[in-house]
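Colleague: Mind looking over this structure? Questions follow.
The values are calculated or read from the model by the stated rules, or taken from the named source; none is laboratory data. Here the structure is a predicted model, which is why all the values come from computation and not from measurement. Using ideal geometry, Cβ is built from the backbone for each residue, glycine included, and neighbour counts are taken over all protein chains shown.
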Amino acid sequence: MLIYILKRLGLALIVALTVSVIAFALLRASGDIATALAGEGATPESIAVIRQTYGLDRPIPVQYLSWLWDVARGDFGQSYFFRTDVAGLIFGKIGNTLILGAASLAIALALSIPLGVLAAIYSGSIIDRAVTMFSLMGQALPSFFLALALIMVFAINLRMFPASGADSWRNFVLPALTLGYYITPPFMRLVRAGMIDALNTDYVRTARAKGLPARRVVFKHALRNALVPVVGLVAVQLGLLMGGSVVVESIFALDGLGYLAYQSISYRDFPVLQGVVLLLSLAYVVLTLLSDIINAWLDPRLRAA
Amino acid sequence: MTAPLLSVRDLRVDLKTRIGTLHAVRGISFDVARGETLCIVGESGCGKSMTSLALMDLLPRVAKRSASGLTFDGQDMMRPRVAEKLRGRRMAMIFQEPMTALNPAFTIGDQMVEAYLFHVGGSRAAAVDRAAQMLEKVGIGSARSRLGQYPHQLSGGLRQRVMIAMALMTEPELLIADEPTTALDVTIQAQILRLLKDLQRELGLAIIFITHDLGLVSRIADRVVVMYAGAVVEEGSAAEIFEAPAHPYTCALIDCIPQPGKTERGAHLGTIPGVVPSLIGRQEGCAFRDRCALSEAVCARPVPVRGHGSHHWACIREVAA
């Protein structure tokens, strides 16, 4: 198991370094940085000064290494637009995004695992069809529509939860419900398909032949094996949630990473964009590593690989 | 004569399909006495596996079983929940595919003790001791360390031994073995058969052995039930079946067994021409008549059951061909 984790860790490091090269190249490819920094109508002399000040006249590999060193110490450079530290900017907003992502994921899993199991046990029945309909709606409804509907009901009519802001946990309820329901269908389908497969396996028949109660057969023998692909999907969806919740973050005025990425693109604020891209990619790398480790725990056959 | 351990009367298994009801098992009857080996023989699709699953009440949801009598040690297994309480405790089952019959996610030890703890109870340590004992009994060395291993770390033969040890954890009186050696190579097959016979003698176990391999039957069976197209065509002691087979289907099956010394090198082994009839809908008359060399017009009418003593067959012919 330890060897397996070390191997995965090595692989993750290689991917992380590759990602850093791409993130670095992203900024270089956006045009001449010195010209951009100097602003419109700058003289060639002042551009040259800037180029020297920021070390942009050095060879590219040297620039990359010094940038990597800065990043490793948490220095992501300066934002063109906000005129502040990129690191401070990102870490000020990442908290909101992480809370929203974790809460949505928790809602999605709490919905999809029991529903998926139920649909699999009664596959083909009216229960199965009702569950499938419910999850299909989650996929078909645009998230802005559900968000507005939730605001109408729970914020305006019932006044149970606030419609915007990020001051307390109550602010996260409606956006997390919106996003959670939105990402439920893929989980539900995966759990249902995995459970249908698992329930038809020989080892489930063995478990039943041993006279184990149905509950144990379903939740121990079948579910454990059905969850392996779900863990991988969790990693992917969490990564998507971190960067892709722009719409929901904007509607609920929840100042998070997705919204920041959207702003940095519209303001051509490349250092911020670079920081966000780098961070999201690293998050993906870490999540994949975690899902590999969890899967190795779930399925001992993977540990040998 | 003492009461049989298992008594099966007019057992039927029906599966609803799109094109009609498939009668997989068409009213079969047999008894199993304590400590004896009953072999159920037949081709693929003759209903022998469906029979075993019906006995354990493990049929898939689309299949429905019915019977005029199905008792285990006097308990009516057609009543709800009775089979559920007996299986895994007083009657156990092992399967054809040892490679997939164990759960890949749990250790051998965990899978061996869980049913024991559920049925018998006691401490986990005591159950683990018993599991190690059982592994030794089925001939697995360094049993303690095996308990911590996962199924994928064992060979097919070892896994089938684990399955047997696991099935015998609760000292069942009946073991249903559904083609337990078909997926194993020949030397391992012989070892497993010997192991089953030894365990049977030691534990007084009754075994229902389901197979398509008549050669194997001759080595282990006390009594034999030959099934064709969901029905029993012949039943008798091993001696009666092999020395005086009465039903043309049984004779044809026996012709398919190569016999060392008798069967000449390069000679064609017997084959049975034709295919098994569809099991959908009713079957009038003898199901084997289309493939039978001896069939007559009267075979299309209901077939009488003939026989004497423990030997019975369903054929219009009085004596063996």
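Colleague: Inside the range A:21-63, can you point out the residues that are touching a helix residue (DSSP H, G or I) at 6+ places or on another chain (Cβ under 6 Å) and more than 16 Å from A:F270 (Cα to Cα)?
Modeller: Those that are touching a helix residue (DSSP H, G or I) at 6+ places or on another chain (Cβ under 6 Å) and more than 16 Å from A:F270 (Cα to Cα): A:S46, A:I47, A:I50, A:R51, A:D57.
Condition check ((1) more than 12 Å from the chain's Cα centre (by Cα); (2) not β-branched (V, I, T)) across all residues:
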| site | (1), (2) |
| --- | --- |
| B:G45 | yes, yes |
| B:T51 | no, no |
| B:D57 | yes, yes |
| B:R65 | yes, yes |
| B:T71 | yes, no |
| B:M77 | yes, yes |
| B:R87 | yes, yes |
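Colleague: So for the range B:144-151 (the condition being surrounded by 17 or more Cβ atoms within 10 Å (Cβ to Cβ), in contact with a helix residue (DSSP H, G or I) (Cβ under 7 Å, 6 or more places away or on another chain) and among the charged types (D, E, K, R)), does at least one residue qualify?
Modeller: yes
Colleague: In the range B:79-124, what residues are of a type in the set (G, A, S), under 12 Å from A:Y203 (Cβ atoms) and out of contact with any Lys or Arg (no Cβ under 7 Å at 6 or more places or on another chain)?
Modeller: Matches in the range B:79-124: B:A101 only.
Colleague: So is B:T271 at pLDDT below 90 and either assigned to a helix (DSSP H, G or I) or out of contact with any His (no Cβ under 6 Å at 6 or more places or on another chain) (or both) or not?
Modeller: Yes, satisfied.
Colleague: Among the residues that make up the range B:231-246, is at least one of them under 17 Å from B:E43 (Cβ atoms), modelled with pLDDT of 90 or more and part of a loop (DSSP other than H, G, I, E, B)?
Modeller: yes
Colleague: Of all residues in the range A:257-300 being of a type in the set (S, T, N, Q) and under 24 Å from A:V15 (Cα atoms), which is nearest to the other protein chains (Cβ to nearest Cβ)?
Modeller: A:N295
Colleague: For the range A:64-77, check the following and say yes or no: at least one residue is under 22 Å from A:V236 (Cβ atoms) and aliphatic (A, V, I, L, M).
Modeller: Kept after step one, since they are under 22 Å from A:V236 (Cβ atoms), are these residues of the range A:64-77: none.
Scanning the range A:64-77, I find no residue that is under 22 Å from A:V236 (Cβ atoms) and aliphatic (A, V, I, L, M), so the answer is no.
Colleague: Among the numbered criteria (1) in a helix (DSSP H, G or I); (2) surrounded by 20 or more Cβ atoms within 10 Å (Cβ to Cβ); (3) more than 14 Å from chain B (Cβ to nearest Cβ), which single criterion is violated by A:L254?
Modeller: Condition (1) is where A:L254 drops out.
Listed here are the residues, each with its yes/no results for (1) crowded, with 22+ Cβ neighbours inside 10 Å; (2) not hydroxyl-bearing (S, T, Y).
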site: B:T2; (1), (2): no, no
site: B:V8; (1), (2): yes, yes
site: B:I28; (1), (2): yes, yes
site: B:G45; (1), (2): no, yes
site: B:D57; (1), (2): no, yes
site: B:A63; (1), (2): no, yes
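Colleague: Within 14 Å of chain A (Cβ to nearest Cβ) and either within 12 Å of B:V162 (Cα to Cα) or in contact (Cβ under 8 Å) with a residue 12 or more places away in the chain (or both): is that true of B:A143 in this structure?
Modeller: So B:A143 fails the test.
Colleague: Further question on the same structure: If I filter the range B:67-89 for residues that are among the hydroxyl-bearing types (S, T, Y) and outside the structural domain of B:A165 (by TED's automatic domain parsing), do I get at least one hit?
Modeller: Step one: of the range B:67-89, the residues among the hydroxyl-bearing types (S, T, Y) are B:68, B:71.
Checking the rest, the ones that are also outside the structural domain of B:A165 (by TED's automatic domain parsing) come to B:68, B:71.
Checking the range B:67-89: at least one residue is among the hydroxyl-bearing types (S, T, Y) and outside the structural domain of B:A165 (by TED's automatic domain parsing).
Colleague: Just to verify a result, which residue in the range A:52-66, among those that are closer than 22 Å to A:G39 by Cβ and assigned to a helix (DSSP H, G or I), is modelled with the lowest pLDDT?
Modeller: Per the criteria, the residue is A:T53.
Colleague: Hey, could you check the range A:81-113 for residues that are out of contact with any helix residue (DSSP H, G or I) (no Cβ under 8 Å at 6 or more places or on another chain) and not in a helix (DSSP H, G or I) and say which is surrounded by the fewest Cβ atoms within 10 Å (Cβ to Cβ)?
Modeller: A:R83
Colleague: Here is a list of conditions, (1) in contact (Cβ under 8 Å) with a residue 60 or more places away in the chain; (2) in a helix (DSSP H, G or I); (3) away from chain B (no Cβ under 14 Å); (4) not aliphatic (A, V, I, L, M), and A:R303 meets all of them except one; can you say which number that is?
Modeller: (3)
Colleague: Provide a single number: the residues in the range B:100-117 that are under 19 Å from the mean Cα position of the chain (by Cα) and more than 8 Å from chain A (Cβ to nearest Cβ). Working first, answer last.
Modeller: Start the filter on the range B:100-117 by keeping residues that are under 19 Å from the mean Cα position of the chain (by Cα), which leaves B:100-101.
Subset that is more than 8 Å from chain A (Cβ to nearest Cβ): none.
Here the count works out to 0.
Colleague: Determine whether A:L241 is buried (at least 18 other Cβ atoms within 10 Å of the Cβ) and more than 14 Å from every other protein chain (Cβ to nearest Cβ).
Modeller: yes
Colleague: Please work out which residue is modelled with the highest pLDDT, limiting yourself to the range B:72-87 and to residues that are buried (at least 20 other Cβ atoms within 10 Å of the Cβ) and away from every other protein chain (no Cβ under 11 Å).
Modeller: Here the answer is B:F72.
Colleague: Sticking with this one: Condition check: basic (K, R) and assigned to a strand (DSSP E or B). Does B:R26 satisfy that?
Modeller: Values: basic (K, R): yes; assigned to a strand (DSSP E or B): yes.
Against the criterion (basic (K, R) and assigned to a strand (DSSP E or B)), B:R26 qualifies.
Colleague: Looking only at the range B:108-160, which residues are outside any helix (DSSP H, G or I) and over 25 Å from B:T181 (Cβ atoms)?
Modeller: Initial filter on the range B:108-160 (outside any helix (DSSP H, G or I)): B:120-123, B:138-142, B:148-150, B:154-155.
Residues satisfying the conditions are B:V120, B:G121, B:G122, B:S123, B:G148.
Colleague: Restricting to the range B:38-62, what's the tally of residues that are within 14 Å of chain A (Cβ to nearest Cβ) and in contact with a helix residue (DSSP H, G or I) (Cβ under 7 Å, 6 or more places away or on another chain)? Full working, then the answer.
Modeller: Initial filter on the range B:38-62 (within 14 Å of chain A (Cβ to nearest Cβ)): B:49-50, B:52-62.
Now restrict to residues that are in contact with a helix residue (DSSP H, G or I) (Cβ under 7 Å, 6 or more places away or on another chain): B:56-59.
Residues flagged as within 14 Å of chain A (Cβ to nearest Cβ) and in contact with a helix residue (DSSP H, G or I) (Cβ under 7 Å, 6 or more places away or on another chain) within the range B:38-62 amount to 4.
Colleague: While we're looking at this one, here's another question. Among B:R90, B:R34, which is within 13 Å of chain A (Cβ to nearest Cβ) and surrounded by fewer than 19 Cβ atoms within 10 Å (Cβ to Cβ)?
Modeller: Step by step, each of B:R90, B:R34 is checked, and only B:R90 is within 13 Å of chain A (Cβ to nearest Cβ) and surrounded by fewer than 19 Cβ atoms within 10 Å (Cβ to Cβ).
Colleague: Looking only at the range A:183-228, filter to residues that are of a type in the set (F, W, Y) and out of contact with any Pro (no Cβ under 9 Å at 6 or more places or on another chain); which one of those is surrounded by the most Cβ atoms within 10 Å (Cβ to Cβ)?
Modeller: For the range A:183-228, the residue satisfying everything is A:F187.
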